[in-house]
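Q: Shown below is the structure under consideration.
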Amino acid sequence: MEKLINDFSFGLFIWQTIIFVGLVLLLKKFAWKPILDAVNEREEGIKNALLSADNARKEMQNLQADNQRILQEARLERDAMLKDAREIKEKMVADAKNEAQAAGQKMIEQAKAAIESEKNTAMAELKLQVSTLSIEIAEKLLQEELSNKATQVKLVEKMLGDAKLS
């Protein structure tokens with residue numbers, strides 16, 4: 001360091017100072033402004049990128065919230081549709097059951113009516129056969145009883161006695 005102080009030249013110092021100041025002025029005029037503009041432009045770009053990223057994050061949050069809302073609505077709609085489908089199924093089953101019961105009841109009533117009709121027909125036929133048989137028996141008895149004259153008189157008197165009583 002002493003050597004530098006001993007070799008110090010005042011003229012060289014002035015020339016170096018002038019060159020340095022000139023260099024700073026040239027740099028200021030031609031380089032500092034573009035460098036500062038580039039730095040400011042980069043700073044603005046970074047700010048814009050951060051704002052865009054923040055906006056994109058907010059938009060993603062909004063989209064996620066919308067997706068959640070839409071998903072919830074879809075679940076509610078699905079649940080409502082399933083409930084409606086269950087109700088329709090239960091109604092269809094109940095209707096089919098009621099129709100089957102009604103048809104069964106109708107068939108039972110028709111069978112009962114057919115049985116009653118057959119019963120009445122059989123009873124009528126039985127009565128007809130009994131009355132026919134009774135008439136035949138009465139005819140045979142009367143023929144036997146009327147073959148005798150005394151028996152005929154007795155029968156007529158008896159019938160006249162019965163006729164007066166009524």
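Q: When you scan the range 137-149, do you find a residue that is aliphatic (A, V, I, L, M), open to solvent by less than 100 Å² (accessible area, probe 1.4 Å) and either in contact with a helix residue (DSSP H, G or I) (Cβ under 6 Å, 6 or more places away or on another chain) or in contact (Cβ under 8 Å) with a residue 60 or more places away in the chain (or both), even just one? Please lay out each step first, then the result.
A: Restricting attention to the range 137-149, the residues satisfying the condition of being aliphatic (A, V, I, L, M) are 137-138, 141-142, 146.
Subsequent filtering for residues that are open to solvent by less than 100 Å² (accessible area, probe 1.4 Å) retains 137-138, 141-142, 146.
With either in contact with a helix residue (DSSP H, G or I) (Cβ under 6 Å, 6 or more places away or on another chain) or in contact (Cβ under 8 Å) with a residue 60 or more places away in the chain (or both) added as a condition, the list becomes 146.
Within the range 137-149, one or more residues are aliphatic (A, V, I, L, M), open to solvent by less than 100 Å² (accessible area, probe 1.4 Å) and either in contact with a helix residue (DSSP H, G or I) (Cβ under 6 Å, 6 or more places away or on another chain) or in contact (Cβ under 8 Å) with a residue 60 or more places away in the chain (or both).
Q: Given the conditions (1) open to solvent by less than 90 Å² (accessible area, probe 1.4 Å); (2) among the acidic types (Asp, Glu); (3) over 29 Å from the mean Cα position of the chain (by Cα), which single one is not true for GLU118?
A: All conditions pass for GLU118, except number (1).
Q: Quick check: anything in the range 83-91 among the aliphatic types (A, V, I, L, M), free of Cβ contacts under 8 Å to residues at least 12 places away in the same chain and surrounded by fewer than 10 Cβ atoms within 10 Å (Cβ to Cβ)?
A: Initial filter on the range 83-91 (among the aliphatic types (A, V, I, L, M)): 85, 88.
Now narrow it down to the ones that are free of Cβ contacts under 8 Å to residues at least 12 places away in the same chain: 85, 88.
With surrounded by fewer than 10 Cβ atoms within 10 Å (Cβ to Cβ) added as a condition, the list becomes none.
No; the residues of the range 83-91 include none that is among the aliphatic types (A, V, I, L, M), free of Cβ contacts under 8 Å to residues at least 12 places away in the same chain and surrounded by fewer than 10 Cβ atoms within 10 Å (Cβ to Cβ).
Q: Further question on the same structure: So for the range 19-34 (the condition being among the β-branched types (Val, Ile, Thr), in a helix (DSSP H, G or I) and modelled with pLDDT of 95 or more), does at least one residue qualify? Show your work before the answer.
A: Initially, the range 19-34 is screened for residues among the β-branched types (Val, Ile, Thr), giving 19, 21, 24.
Right, trim to in a helix (DSSP H, G or I) and you get 19, 21, 24.
Checking the rest, the ones that are also modelled with pLDDT of 95 or more come to 19, 21.
There is at least one residue in the range 19-34 that is among the β-branched types (Val, Ile, Thr), in a helix (DSSP H, G or I) and modelled with pLDDT of 95 or more.
The values are calculated or read from the model by the stated rules, or taken from the named source; none is laboratory data. Everything numeric here is computed off the predicted structure, so don't read it as measured data. Note: ideal-geometry Cβ built from the backbone for every residue, glycine included; neighbour counts use all protein chains shown. All accessible areas refer to the heavy atoms of the entire protein, side chains included, with ligands and DNA or RNA removed. Shrake-Rupley method; radii C 1.70, N 1.55, O 1.52, S 1.80 Å.
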